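S.K.: To start, I am sharing the structure in question, which I have written as structure tokens.
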């Protein structure tokens with residue numbers, strides 16, 4: 001077994017406390033060829049859905065300074081693993097996206113830039129298997145890296161997910177059927193040194209209302225066959241610059257409007273919300289048109305003076 005999980009007890013204890021099992025541990029390599037340990041994590045009570053955890057061989061899981069964040073990582077993972085699709089997140093423009101094939105941990109840029117990089121992919125998940133996706137290269141500045149406990153998956157996956165969503169919101173990522181990696185810059189503009197927290201979007205009540213309704217529509221109704229989804233995800237709260245309590249309050253309002261049914265921190269779509277599918281499909285088409293770079297159109301048609 002790799003020394004990454006030795007002492008494995010440190011990780012296994014944190015995982016077990018969250019109701020998670022660590023299985024299928026195997027050696028891997030990062031982008032630069034350095035050894036890693038890759039593990040499959042699943043709910044102890046339901047092993048059908050899994051997520052991947054990958055750590056560098058040099059990472060000391062037993063260091064007490066990592067204990068609190070590792071516990072948070074596993075407890076949140078346990079909630080996401082109860083979702084029909086634990087790997088799917090919604091962007092503000094209404095695009096449901098799966099995140100996968102990330103090559104953790106960060107590696108130093110090979111292009112000479114003074115950054116740390118992690119590669120991964122996002123895929124459009126609208127239930128129609130369009131094949132639209134984006135290969136991404138998220139670059140973390142060295143200044144930004146100083147606010148991260150470690151350049152490892154449990155400490156960075158959340159804000160990388162939100163940086164990717166934010167970059168897509170800005171129309172700076174395109175979903176294609178094939179193509180090169182697209183950059184996702186992760187700079188201190190996403191972090192308030194004064195407040196010591198991440199800030200991605202300033203949203204109002206209406207935006208949070210539409211976001212949460214869209215999340216339940218896509219993740220529960222379209223992708224989950226009606227299974228409930230977690231409406232109090234801290235990653236969403238960070239992405240929307242709000243709190244999990246505000247997300248709960250938003251969900252309660254959606255329930256009074258007859259759009260979702262809430263039980264605890266989980267929700268499903270009502271007939272009223274499910275009947276709104278044409279509008280949600282239209283939002284996807286509008287978002288895809290928004291992120292499609294107009295400056296490429298002439299070149300795609302063969303009209304260029306270059």
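The values are calculated or read from the model by the stated rules, or taken from the named source; none is laboratory data. This one's a predicted model, so the numbers in the text were calculated from it and none came from an experiment. Cβ sites come from the backbone with ideal geometry, for glycine too, and all protein chains shown count toward neighbours.
S.K.: Quick one: count up the residues across segment 95-123 that are over 13 Å from the mean Cα position of the chain (by Cα) and crowded, with 20+ Cβ neighbours inside 10 Å.
M.R.: Going through segment 95-123 one residue at a time, the tally reaches 7.
S.K.: Here's a follow-up. With 211, 217 as the choices, which residue is touching a helix residue (DSSP H, G or I) at 6+ places or on another chain (Cβ under 6 Å), crowded, with 18+ Cβ neighbours inside 10 Å, within 18 Å of residue 89 (Cα to Cα) and touching a residue at least 12 places away in the same chain (Cβ under 8 Å)?
M.R.: 217
S.K.: Going by the conditions given, is residue 205 closer than 25 Å to residue 275 by Cβ, surrounded by fewer than 17 Cβ atoms within 10 Å (Cβ to Cβ) and modelled with pLDDT of 95 or more?
M.R.: Yes, satisfied.
S.K.: Something else: Is it the case that some residue within segment 14-23 is at positive phi and modelled with pLDDT of 90 or more?
M.R.: yes
S.K.: Is it true that residue 132 is modelled with pLDDT of 95 or more, touching a strand residue (DSSP E or B) at 6+ places or on another chain (Cβ under 9 Å) and not assigned by TED's automatic domain parsing to the domain that holds residue 68?
M.R.: In short, yes.
S.K.: Whether any residue in segment 32-47 is surrounded by fewer than 17 Cβ atoms within 10 Å (Cβ to Cβ), part of a helix (DSSP H, G or I) and touching a helix residue (DSSP H, G or I) at 6+ places or on another chain (Cβ under 9 Å) is what I want to check.
M.R.: no
S.K.: Continuing with the same structure: Quick check on this structure: which one of 168, 151 is under 28 Å from residue 72 (Cβ atoms), touching a helix residue (DSSP H, G or I) at 6+ places or on another chain (Cβ under 7 Å), in contact (Cβ under 8 Å) with a residue 24 or more places away in the chain and part of a loop (DSSP other than H, G, I, E, B)?
M.R.: 151
S.K.: Considering only segment 64-81, I want to know if a residue exists there that is at pLDDT 95 or above, in a loop (DSSP other than H, G, I, E, B) and either surrounded by fewer than 18 Cβ atoms within 10 Å (Cβ to Cβ) or in contact with a strand residue (DSSP E or B) (Cβ under 9 Å, 6 or more places away or on another chain) (or both).
M.R.: Checking segment 64-81: at least one residue is at pLDDT 95 or above, in a loop (DSSP other than H, G, I, E, B) and either surrounded by fewer than 18 Cβ atoms within 10 Å (Cβ to Cβ) or in contact with a strand residue (DSSP E or B) (Cβ under 9 Å, 6 or more places away or on another chain) (or both).
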